[in-house]
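Visitor: Let me begin by handing over the structure; questions about it come next.
Nothing in this text is a laboratory measurement; each read-out follows from the coordinates by a stated rule. Everything quoted here is computed from the prediction, not taken from an experiment. Ideal geometry is used to build each Cβ from the backbone, glycine not excepted, and the neighbour counts take in all protein chains shown.
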Amino acid sequence: MSDTKEEPRIGVFVCHCGHNIAGVVDVVSVAEMARDLPNVVFSTDEMFMCSDAGQVLIKEKVKEHNLNRVVVASCSPRMHEPTFRRVVEEVDVNRYLFDQVNLREHVSWCHTREPVKATEKAKDLVRMSVARAAKLENLPIKTVNVLPKTMVVGGGIAGLRSSLDIAERGFDVVLVEKDTQLGGNVAKWTHLFPSDESGAQVIGPLIAAVRKHKRIKIHLNSKVSDFDGYIGNFEVTIKNLSSEKETKVNIGTVIVSTGFEAFKPVGYYSYTKSPNIITLAELQEMPPAQMLIRPSDGKPVKKMVFIGCVGSREPGKIGHEHCSRHCCSATAKAAADLRDDVDESLVLYQDIRTYGKGHEEFHRLARQKHVIYSKFPTDAHPNVEVAADGDIRIRWFDVLAGSELEFHPDLVVLASAMIPPDDMAETAKMFSLTRSGDGFFNPEHIKLAPLTTHTAGVMIAGAAQAAKNASEAVIDASGAAAKAVGLMAQGEVEIESTVSHVISDLCSSCHTCVTACPYGAIIMDEEQTPPVAFVQEAKCKGCGTCAAACPSSAIVMYHSTDEQILTMVEAYLCTTPEPEGGGSA
Amino acid sequence: MTKNEVKEKPAVSHTPSSDFAKEVEQEYGGEGIMKCIQCGMCTASCMVASMTDRYRPRQLIQKILLGKREEVLTSDLPWLCMTCRLCEERCQEDVNLSEIFHAVREIAAREGHIPKVFQSTVDQVLEDGWLLKDAYSDFIEEDREDLGLDTDLNWNDEFVKKVKKRYLSGGNKK
Amino acid sequence: MSENKPNSALVIGGGVAGITAALDIASQGFKVYLVERNPSIGGVMAQIDKTFPTLDCSACILTPKLSEVSRHKNIEILTYSEVGSVTGSAGDFHVRVKRKARYVNEDVCTGCGDCAEECPVEVANEFDLNIGFRKAIYVPFPQATPNVYTVDKENCIDCGRCVKACQRNAIDLDMKDTTLEFHVGAIIIATGFQLYDITDYPRLGYGHYANVIHAMEFERLINAAGPTHGHLIRLGDGKTPKSIGFIQCVGARDVQKGVPYCSRVCCMYSIKNAVMALEHNTDGEVWVYYADIRAFGKGFEEFYEMAKKRFGVKFIRGRVAEVMEGKKTGNLVIRVEDTETAEVRLIEHDLIVISPGVVPPIGMDTMAKKMGIEQSDDGYIQAEHTFFGPTETKTPGVFVCGCAEGPKDIPDSVSAGSAAAMKATIVLSQGGT
């Protein structure tokens, strides 16, 4: 570890990032300018700092010039800060003596058409960072232990799969399900796709295995009523919804697999105006014998119509803009399966999204069996009217034949949207999860981290993450389990040291910070007289709200101290670098 | 028909039915009609479609699939297919349109719906044995003589007699 | 963990699925051998410019992962290598890996590039879809992992100039292939995919007309690190194309070509490419010709909507029948039926981009047969069961993820990678039972 009392010896590395930065910013001149900044001992530019070559360069120069601070001017720290921190640690520079300047997202990518000004901005930012780097301090690397127990919230197909995988891997599971039985939506369906198994046939073995496994403790008819703590050490309260009895458990990781709800499309296609207009979910919940019986009078269904995209793909309608992914395939399968027992079966659609393995095949099968597919215009949906005598009349324009059509079905099946369950907001708040436009939970990164979240230690899986089919939910579940086990298998995990700290001598016990902290990370240390505020570092996210709120200036933000920030402001405003103390560098 | 044309007609609604498609499917050549996903590859390839706005093989297939029996059988559209097979060559669902339209023609013919133009052509062949009797002028006969070609082209009479005997009066009906 | 059973895993394929699986297994403390036949890990994702639906720069989100893999103490990367044989069973597989000679010592090479400067041989760069050039001694892309050079012996003329140029004496032109043998408890197949060879569609003009390209070539053209430094130009004459047409369902959903299934990613990657084309040329016009638009995933429909509304990408529901070339201009005219209006249209474009479907990678059949792994009718690795074993194969202890199982996008490949890792670690922790 470098001694932070030493003279700072700063190395500056300016990245071209191929043409991403260098195409706009004159990186060579930025590196040249940096050479003359106070405390800078070495400065260069390099094609790709994140590549092996770039990383080796940092290590070599740290050794060669005895650098004790490193500034890399490149992409966003969100991209490569962990990479560069690891690199400097390998040559014994504390990771908090590293600073990254964003010349890409903050300069070249947003000022593409103004290269001269962009270069000036780049120089400003590097100058500021160098000033800050001189003030950076060593911070200790801390770890917390991770309890070898996972809580799985939601006992549908995803929750069951996660629970089993984790238990089989040798860790304990607490499975919390709000319903009185396990199985979620899949258990309710008699009909699945792409194969002919029923929901019960698929979910039955999973439920049996989960019940049997000695590592899994199940809480039915229960919800999480309190969730506190931090990664590896969550304190959970599980409340039984009938008895109100509370159970407290300590767990290491969480998987949220709370599934979805099938949208009840009131206001669409006369839903609720006739018992013979049902949703696809309602159809799939009927026992096979009942599927082709008219709910209104028990007569056999001879003519049926499926209508797609009900409550999905509606631009501008919050929560209904997304594609519900499973319905085109589910509809094709249901239509094909039921065709032999009816006289006519129609599918009214906008697009046919039978994208998955085996899906196109039963789309073809449905057509082969004479299911009639008819496309309606996006701006002129079918009109469904229910007459006084209960007769249903559908009228629409078949775009592809150019014909006005009319049909009087016995049964209308609306492929309605997959939407979040009604207590989604509550769940989000409980686990500090954010939600995307579709209403489901936001993953940490939609492409490369679809199963983790910004709440460390909390994973998401299945429909809780986005509309999907049961097979995809199972894959998510095993994936989320892998993430949870990854944390638990190590037994401990590093936490950020960029946290806040209360200088107890200055604390006036006003409690302002306790209330201000959005993460509930600050408590009063009752053992002191008077009690002073104390930051639980593992829960602190380093947001700085407490420090800003404290009327006594008693709170220090490690790695973002007042001095570190003010020196950046000074560096920005004073364009000619002034060595400290007035002497030469 | 284009969408505009449809709008000009009174909006008489049709009730979809799979009966006609089933009928076509039963007819030799019509088996694959159900496979069509209406992508438009056929129409974009079609020579006839590029020459006339009213012929859209894809749309015709959809009309069959919707059960517009009367409209399709009384239309001359199924008869416009040149059987060049370019659509069949390219169709990604392996729909044999030419075969299907032929099957439709069979059904149409059985019910007496043959476009006048086709009917008169066939009548001409059955009567003369060939299409060009009226065009076989003296000048052409002389030219043929000069070139040393046979001027008596009535050998087709025999053929016609055979056809009539076999297919139109007793004999084996197809 | 059992005594004599190995607690390491083999991941075959260093694309995003394989990398995800390797990292997840390694983070649990198990050792992973990551075998990749190309000189670098990264797979197809390293070639992509921006990814849907977020327009993230692909290399940018991938390189931290490559970095993580490279420095992970539990992962041994074996690039330029192929699995020779596998015997044994779950819990104890005996694996033989052929390490192709790269003629450069991996432990010594620092990727400085002095050798490539001296190399007199230029060959078509396969990473750039043969649009640009590379030397006979090369790294496939700047962030290649490991960052070491490889000699393409087939095109090397043995002049030895690279040997002289290398200050670390890392080059040995007499290197031989070697074999590495080891035992693992579980295997994950993550061998990815390739694109359908669209020269199979002469009516679309690919390979004959200069300004008909395919989606991956387009990707390399718009990529700042690509052969034209990110300038979208026509390769025939260097002009900037104003009007671009994208043709969908080529080598996908085609019963006659033996690829009846949907390739799942082409709708989305084309919409992304269409948006990128307009970002590169705000005056441009882009048309997408399709049968269905399959924007089914998280954020996909919203992205499609944005492409239409914000960027003005035009969508025509109709499969393109043929592409014709204007000899003088090099422009192309497509013939399509706009099925929504029943109009047959001839539309001129400066550039045509064909969106090929996805098929199993080269060598898939050989590998599957050699390892005795069951394939599906489409040639992919057969998953054991849709619900009970979506990442399991019919062979216990062998798992599959990513496109090796069937076409899929990056998020689905990553989820599957983690799922396969979970299954593999259960095997490892239980010693194969």
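Visitor: In the P(r) worked out for chain A, what percent of Cα pairs fall beyond 35 Å?
Guide: 54 percent
Visitor: Based solely on its DSSP helices, what 222 nm [θ] is calculated for the protein assembly as shown when runs of n ≥ 4 H residues each add -39,500 (n - 2.57) and the sum is averaged over all residues, nearest 500 deg cm²/dmol? Mind dumping the intermediate values first?
Guide: Values: 35 runs with 355 residues, N = 1192.
Mean residue ellipticity, 222 nm, calculated: -9000 deg cm²/dmol.
Visitor: Here's another thing I want to ask about it. What is the angle, in °, between the Cα long axis of helix A:77-90 and the longest principal axis of the Cα atoms in chain A? Nearest 10 is fine, range 0 to 90.
Guide: Orientation of helix A:77-90: about 50 degrees from the principal axis.
Visitor: Please state the shape class of the stretch A:6-154: rounded when a/c is under 1.5, otherwise prolate if a/b exceeds b/c and oblate if not, all from the C-alpha gyration tensor.
Guide: Since a/c reaches 1.5 but b/c is at least a/b, the shape of the stretch A:6-154 is classed as oblate.
Visitor: Under a GNM of chain C (C-alpha, springs under 10 Å), which listed residue has the highest mean-square fluctuation: C:263, C:81, C:27?
Guide: Result: C:27 has the largest fluctuation of those listed.
Visitor: With the cut-off at 1.5 for a/c, could you classify the stretch C:197-357 from its C-alpha gyration tensor as rounded, prolate or oblate?
Guide: It is rounded, given that a/c, with a ≥ b ≥ c, falls under 1.5.
Visitor: What fraction, in whole percent, of alpha-carbon pairs in chain C exceed 34 Å separation?
Guide: 36 percent
Visitor: Taking amide H positions as placed 1.01 Å from N in the peptide plane, with prolines and chain starts having none, which residues 5 or more places from residue A:375, or on another chain, fall under 5 Å of its amide H?
Guide: A:349, A:399, A:400
Visitor: Another question, then. Within the set A:468/A:539; C:50/C:242; C:31/C:100; C:242/C:328; A:303/A:333, which residue pairs have Cα atoms separated by over 26 Å? All intermediate terms of the calculation are to be shown ahead of the outcome.
Guide: Values: A:468/A:539 33 Å; C:50/C:242 20 Å; C:31/C:100 22 Å; C:242/C:328 17 Å; A:303/A:333 17 Å.
In this structure, A:468/A:539 lie more than 26 Å apart at Cα.
Visitor: Gaussian network model of chain B, Cα springs within a sub-10 Å range: biggest mean-square fluctuation belongs to which of B:108, B:49, B:135?
Guide: The residue with the greatest mean-square fluctuation here is B:135.
Visitor: I'd like the distance separating the alpha-carbon centroids of the stretch C:1-58 and the stretch C:155-214, in whole Å.
Guide: That distance is 18 Å.
Visitor: For C:393, A:190, what ranking results if the residue with the fewest other Cβ atoms within 10 Å of its Cβ goes first? Write out the running numbers ahead of the final one.
Guide: Numbers: C:393 26, A:190 17.
The order, fewest Cβ neighbours first, is A:190, C:393.
Visitor: Helix B:57-66 versus the longest principal axis of chain B: what angle, 0 to 90°, nearest 10, using Cα atoms?
Guide: For helix B:57-66, the angle is close to 60 degrees.
Visitor: Further, regarding this structure: So what J values fall out for the stretch A:108-120 if you push phi through Karplus, 6.51 cos²θ - 1.76 cosθ + 1.60 with θ = phi - 60°, rounded to Hz, Gly and Pro as x?
Guide: So the Karplus estimates, Gly and Pro as x, are 5, 7, 9, 10, 3, 9, 10, x, 5, 5, 4, 5, 4 Hz.
Visitor: Rounded, prolate or oblate, given the Cα gyration tensor of the stretch B:116-167, with a/c below 1.5 counting as rounded? Could the numbers behind the result be given before it?
Guide: Working: a/c = 4.60, a/b = 1.72, b/c = 2.68.
Cα axes put the stretch B:116-167 in the oblate bin.
Visitor: If a cysteine in chain C has no other Cys Cβ under 4.7 Å from its own Cβ, put it on the list, ordered by number.
Guide: C:109, C:112, C:119, C:156, C:159, C:166, C:249, C:262, C:266, C:267, C:401, C:403
Visitor: Give the order of C:246, A:431 when sorted by the count of other beta carbons within 10 angstrom, beginning with the fewest. Show your work: numbers first, answer last.
Guide: Working: C:246 27, A:431 20.
Ordered by Cβ neighbours within 10 Å, fewest first: A:431, C:246.
Visitor: Which whole-angstrom value gives the distance between the alpha carbon centres of the stretch B:10-49 and the stretch A:428-502?
Guide: Between the Cα centres of the stretch B:10-49 and the stretch A:428-502 lies a distance of 49 Å.
Visitor: Dipole of chain A (Lys/Arg Cβ +1, Asp/Glu Cβ -1, origin at the Cα centre): which of A:34, A:575, A:517 lies farthest to the positive side?
Guide: Projecting each Cα onto the dipole axis, the largest value belongs to A:517.
Visitor: Near residue A:517, within a Cβ-to-Cβ distance under 15 Å, what is the net charge of the other residues, with Lys and Arg +1 and Asp and Glu -1?
Guide: -1
Visitor: On to the next question. Mind checking the dipole of chain B: about its Cα centre, +1 per Lys or Arg Cβ, -1 per Asp or Glu Cβ, Debye to the nearest 20?
Guide: Details: 25 positive and 32 negative charges, 249 e Å.
In total the dipole reaches around 1200 debye.
Visitor: Using a cut-off of 22 Å between alpha-carbon atoms, which lysines can reach residue B:161, once sequence neighbours fewer than 8 places away in the same chain are excluded?
Guide: B:133, B:173, B:174
Visitor: Dipole magnitude of chain A about its Cα centre, charges +1 at Lys/Arg Cβ and -1 at Asp/Glu Cβ only, in debye to the nearest 20?
Guide: 1280 debye
Visitor: Here's a follow-up. Below 14 Å, Cα to Cα, which aspartates and glutamates can residue B:165 reach? Residues fewer than 8 away in the same chain don't count.
Guide: List returned: B:127, B:157.
Visitor: Can you find, among C:297, C:329, C:113, the residue sitting farthest towards the positive end of the charge dipole of chain C, where Lys and Arg contribute +1 and Asp and Glu -1 at Cβ?
Guide: Checked the options; the winner is C:113.
Visitor: Please work out the Cα center distance from the stretch C:77-121 to the stretch A:178-240, rounded to the nearest Å.
Guide: Here the two parts' Cα centres lie 45 Å apart.
Visitor: Rounding to the nearest 20 debye, state how big the charge dipole of chain C is about its Cα centre with +1 on each Lys and Arg Cβ and -1 on each Asp and Glu Cβ.
Guide: On the way: 45 positive and 54 negative charges, 33 e Å.
Value, rounded to 20: 160 debye.
Visitor: While we're on this one: Among A:130, A:49, A:77, pick out the residue whose Cα is farthest towards the positive end of the charge dipole of the stretch A:1-151, where Lys and Arg carry +1 and Asp and Glu carry -1 on C-beta, about the Cα centre.
Guide: Going by the Cα projections, it comes out as A:77.
Visitor: Past 19 Å, Cα to Cα: identify those pairs from C:272/C:308; C:272/C:314; A:357/C:394; A:264/A:375; A:149/A:214, in the order given.
Guide: Those over the limit are A:264/A:375.
Visitor: Please report, to one decimal in angstroms, the Kirkwood hydrodynamic radius of the protein assembly as shown built from all distinct Cα-Cα pairs.
Guide: Details: mean 1/r = 0.0298 Å⁻¹.
Evaluated on the protein assembly as shown, it is 33.6 Å.
Visitor: Please build a GNM for chain C, connecting alpha carbons under 10 Å apart, and tell me which residue among C:381, C:247, C:61 fluctuates the most.
Guide: Among C:381, C:247, C:61, the largest GNM mean-square fluctuation belongs to C:61.
Visitor: Based on other C-beta atoms within 10 Å, arrange A:251, C:189 from fewest to most.
Guide: A:251, C:189
Visitor: Still on this structure, please answer the following. Other chains' Cβ within 10 Å of C:371-383 residues: what's the mean?
Guide: Going residue by residue through C:371-383 and averaging, the value is 1.
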